[in-house]
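*Asks:* Take this structure, written in structure tokens, and hold onto it; I'll ask about it next.
The values are calculated or read from the model by the stated rules, or taken from the named source; none is laboratory data. Since the model is a prediction, treat every value here as computed from it, not as a measurement. No Cβ is skipped: glycine too gets one built from the backbone with ideal geometry, and neighbour counts run over all protein chains shown. Protein only, heavy atoms only, side chains kept; ligands, DNA and RNA dropped before computing areas. Shrake-Rupley method; radii C 1.70, N 1.55, O 1.52, S 1.80 Å.
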Amino acid sequence: MKAILTFATAASIAFVGSAMAQEDFSANLKARQGQFRILAINLGILGDMAKGKMDYDAAAAEAAAHSIHGVSMVHQAALWPEGSDNMSIDGTRALPMIWDDFADFSSKWDALGTAAENLVSVAGTGQEAIGPALGQIGGTCKACHDTYRASAN
């Protein structure tokens, strides 16, 4: 009986210790997911204009492009602390390999910023300019997602 009690106590201490050691990354996760929601909303506006699903409005296109560019300028390191990956916490599709080569991950975010600058420069010039600029944005998103995001399944 004493051995069972000793084992149970040791197991409880180990569980509590591991739970205390796990950091709370909920604010980081909410912040990074929030930035992606902002990107999605604004990309949707521009995409609808490019496809003719929404009337082209130069001011609205420029505002959406500026929002995308603004998000691209957010410093990412604070939003991606090591241990906030899909193998460590729930609610994310971030793969642990992000931290194996954070410089590459960061360069992919920087490429989004470059594409967003181009989008800002053309968004107000007409509906026909939006599609190619969105294609550049999409390419940067795909490059990062293909490498650093787990599939939805």
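*Asks:* Considering (1) at pLDDT 95 or above; (2) open to solvent by 50 Å² or more (accessible area, probe 1.4 Å), say which one L29 fails and leave the rest.
*Replies:* (2)
*Asks:* Now for a separate question. Of all residues in region 139-150, which are among the small types (G, A, S) and without any contact (Cβ under 8 Å) to a residue 40 or more places away in the chain?
*Replies:* Listed by number, the residues that qualify are G139, A143.
*Asks:* Now, a different point. Return the residues of region 63-104 that are farther than 23 Å from L43 by Cβ and open to solvent by less than 40 Å² (accessible area, probe 1.4 Å); say none if nothing qualifies.
*Replies:* Hits for region 63-104 are P81, G83, S84, D85, I89.
*Asks:* Quick check: is even one residue across region 140-148 among the basic types (K, R) and surrounded by fewer than 14 Cβ atoms within 10 Å (Cβ to Cβ)?
*Replies:* yes
*Asks:* Do any residues in region 68-93 that are over 21 Å from D110 (Cα atoms) have Cβ atoms under 6 Å from those of residues that are open to solvent by 50 Å² or more (accessible area, probe 1.4 Å) and assigned to a helix (DSSP H, G or I), where the two are at least six apart or on different chains, and which pairs are they?
*Replies:* If the second residue must be open to solvent by 50 Å² or more (accessible area, probe 1.4 Å) and assigned to a helix (DSSP H, G or I), the pairs left are M87/P96.
*Asks:* Condition check: within 18 Å of the chain's Cα centre (by Cα) and either closer than 16 Å to A64 by Cα or touching a residue at least 12 places away in the same chain (Cβ under 8 Å) (or both). Does A129 satisfy that?
*Replies:* When the stated conditions are applied, A129 does not pass them.
*Asks:* What are the pairs with Cβ atoms under 6 angstrom where one residue, in region 95-114, is over 15 Å from H145 (Cβ atoms) and the other, located anywhere, is open to solvent by 40 Å² or more (accessible area, probe 1.4 Å) and of a type outside the set (D, E)? Sequence gap at least six, or different chains.
*Replies:* P96/M87
*Asks:* Given A103, A123, which one is closer than 17 Å to S67 by Cα and of a type outside the set (F, W, Y)?
*Replies:* A123
*Asks:* Name every residue in region 33-62 that is open to solvent by 70 Å² or more (accessible area, probe 1.4 Å) and closer than 21 Å to G113 by Cβ, in order of residue number.
*Replies:* Within region 33-62, F36, R37, I38, I41, E62 qualify.
*Asks:* Suppose the filter is small (G, A, S), farther than 18 Å from F36 by Cβ and open to solvent by 40 Å² or more (accessible area, probe 1.4 Å); does S151 pass it?
*Replies:* Taking the combined requirement at face value, the residue does not satisfy it.
*Asks:* In this structure, is I98 part of a loop (DSSP other than H, G, I, E, B) and within 22 Å of the chain's Cα centre (by Cα)?
*Replies:* Answer is no for this residue.
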